[in-house]
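We did not get these values from a lab; they are worked out from the coordinates using the rules stated. Everything numeric in this text was worked out from a predicted model, so none of it was measured. A quick note on method: Cβ atoms are made from the backbone with ideal geometry, for glycine too, and the neighbour counts reach across all protein chains shown.
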Amino acid sequence: MQSIYFDHNATTPVDPRVLAIMLPYFSEEFGNASSFHAAGRRAAEAVEVARAHVAELIKAETKSIVFTSGATEANNLFLRGCVSFQSTQSQLTQSQATQAQPAPTPSAHLITCKTEHPAVLDVCEKLEAEGHDVSYLSVDATGKVDPQAVHAAIRPETVLVSLMLGNNEVGTLHDIAAVGAITRAAGVVFHCDASQAGGCVPIDVDALQLDALTLTAHKMGGPKGIGALFLRRRKPRVRIEPILQGGGHEQGIRPGTLNVPAIVGFGHAAELASQEIPARQAHAFALAAEFDRLILAAFPNRIVNGHPVDRLPGNYNVTLPGISNRTLRERLPEVALSSGSACASAFQKPSHVLRAIGRSVEDSQQTLRFGFGPTNTLEEVRWTVQRMADIVAKL
Ligand SMILES: *Cc1c(COP(=O)(O)O)cnc(C)c1O
């Protein structure tokens with residue numbers, strides 16, 4: 001067996017159909033989407049087609065999609081942009097009240113969760129260092145935040161709630177619709193990092209009552225370095241300050257010459273995902289179920305992490321008590337898998353997500369994350385579990 005790729009929560013291969021549609025935009029169709037001549041207009045039209053496909057994936061209005069360099073940037077843009085817009089607004093109201101005395105920037109309150117990706121948590125920590133206040137909600141043993149805990153954490157100065165849709169390590173899906181009902185009733189802006197769920201599970205930003213949402217192409221068969229921020233335009237309109245200056249691109253919210261080939265690829269990846277989500281879900285669930293059946297037979301004391309039902313279809317995160325994930329990975333070089341999140345595994349820090357769901361530091365060193373995708377097969381699943389059992393038998 002040659003190499004097996006079981007790390008689709010870290011990134012996915014570019015779908016050949018996506019690559020094919022991108023290629024002309026590196027050569028003949030190289031126009032700048034901001035130019036008024038024909039080449040520029042063709043590029044701009046291709047960008048708008050892509051924008052419509054990305055919007056359709058999450059049932060949003062086309063104009064509510066802002067392209068960014070990925071999910072990290074989309075999260076930074078939303079969190080910083082929302083805090084600065086709302087701080088400026090309340091500063092204006094305050095200084096009007098006190099006869100135009102420049103007031104100090106008021107501090108904002110944000111609500112997020114302990115199991116978020118560093119692209120949310122690290123921004124929140126920086127905002128705290130800048131004088132803002134952040135509540136980090138806990139999760140239960142399945143990785144879910146209680147919507148009532150969100151309700152209880154809301155204060156008059158709360159400007160936003162940010163919760164991920166599907167967790168990148170343990171796969172748990174939060175009850176986003178329940179939180180959306182709470183935040184909408186309270187008039188607090190609700191953002192969701194859907195980097196993992198986008199293209200894997202159906203998303204409807206109106207049904208979920210979301211005001212902002214982050215997507216990234218490379219987790220759904222698209223290229224790396226391109227993502228999007230959905231910002232609701234109506235009922236209610238969500239406003240943020242840009243964090244970059246320099247030209248009016250993307251409605252002034254994200255300036256910079258558009259990465260046309262990547263946007264075209266993202267659009268096609270989103271279009272394919274919209275059509276194929278049910279089939280991809282069924283395939284990934286089937287692989288994960290077979291994997292777990294075989295793992296349980298070989299390792300009867302295995303602990304599956306995350307929620308048993310409400311989870312990303314292709315994610316399988318398992319603790320094998322007594323077995324070092326490092327040793328297993330070293331002896332299983334044919335299989336690309338992760339010992340936590342891709343970001344954390346480079347420097348072997350115990351995963352903050354596993355800690356938050358109650359696993360010990362030792363457990364986290366005995367935990368592996370498998371991420372199944374559309375191109376994986378049952379044969380790969382069976383081969384891998386057999387190899388794992390053989391390796392452990394020899395230890
Ligand atoms: C992958 C991922 C990100 C980062 O996405 P990039 O496009 O690589 O910046 C952010 N949040 C979550 C939940 C992710 O899974």
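Taking the Cβ-Cβ separation of Arg234 and Phe285 as r and a Förster radius of 41 Å, what is the calculated FRET efficiency to the nearest 0.05?
Approximately 0.70, to the nearest 0.05.
Return the FRET efficiency for the residue pair Glu379, Phe30: r is the Cβ-Cβ distance, R0 is 56 Å, and the value is rounded to the nearest 0.05.
Efficiency for this residue pair is about 0.85.
Relative to the Cα centre, what is the charge dipole magnitude of the chain, using +1 at the beta carbon of each Lys and Arg, -1 at the beta carbon of each Asp and Glu, and rounding to the nearest 20 debye?
It comes to approximately 80 debye.
Among Lys114, Lys126, which comes first, second and so on when ranked by fewest other beta-carbon atoms within 10 Å?
Lys126, Lys114
Sum up the charges of everything whose Cβ sits under 15 Å from the Cβ of Ala186, counting Lys and Arg as +1 and Asp and Glu as -1, but leave Ala186 out.
0
Looking at the chain, which longest stretch skips every one of the chymotrypsin sites (Phe, Trp or Tyr not before Pro) that is in a DSSP loop with at most 11 other Cβ atoms within 10 Å, leaving the sites themselves out?
That would be 37-346.
What number results when the radius of gyration of the stretch 128-187, computed over Cα atoms, is divided by 2.2 N^0.38 Å?
This ratio for the stretch 128-187 stands at 1.17.
How far apart, in nm, are the 7 Å Cα→Cβ label points at Ala393 and Ala186?
So the label points at Ala393 and Ala186 sit 5.5 nm apart.
Counting only C-alpha contacts under 8 Å and six or more residues apart, can you give the relative contact order of the chain as a whole percent?
Across the chain, relative contact order equals 24 percent.
Taking every DSSP beta bridge with both residues inside the chain, roughly what % is antiparallel (nearest 5)?
Approximately 50 percent, going by the DSSP bridge assignments.
Could you go through the stretch 323-336 in sequence order and give the Karplus-derived ³J(HN,Hα) for each residue, using 6.51 cos²θ - 1.76 cosθ + 1.60 with θ = phi - 60°, rounded to whole Hz, and x for Gly and Pro?
Residue by residue, the stretch 323-336 yields 10, 6, 5, 5, 4, 4, 5, 5, 8, 10, x, 6, 10, 7 Hz.
For the chain, what is the calculated [θ] at 222 nm in deg cm²/dmol (nearest 500), taking -39500 (n - 2.57) for each run of four or more DSSP H residues and dividing by its residue count?
Rounded to the nearest 500, the figure is -13000 deg cm²/dmol.
Past 22 Å, Cα to Cα: identify those pairs from Lys144/Lys235; Lys63/Lys235; Lys126/Lys349; Lys224/Lys349, in the order given.
Lys144/Lys235; Lys224/Lys349
If each residue of separation counts as 0.36 nm, what is the full-extension length gain between Arg302 and Glu128 once their alpha-carbon separation is subtracted?
Difference between extended and current length: 58.8 nm.
In degrees between 0 and 90, to the nearest 10, how far off the longest principal axis of the chain does helix 260-298 point, with axes built from Cα atoms?
30
Just want the ordering: Ser3, Ser135, Ser64, from fewest to most Cβ atoms lying within 10 Å of their own Cβ.
With the sparsest Cβ surroundings first, the list reads Ser3, Ser135, Ser64.
Modelling each spin label as a point 7 Å along the Cα-to-Cβ direction, I'd like the His37/Asp206 distance in nm, to one decimal.
Calculated label separation equals 4.2 nm.
Hey, if you drop one equal point scatterer on each alpha-carbon of the chain and run the Debye formula without solvent, what base-10 log of I(q)/I(0) do you get at q = 0.06, 0.08 Å⁻¹?
Per q value, in the given order, log10 I(q)/I(0) is -0.25, -0.44.
As an exercise, use a Förster radius of 51 Å and the Cβ-Cβ distance of Thr88 and Gln2 to find the FRET efficiency, rounded to the nearest 0.05.
0.35
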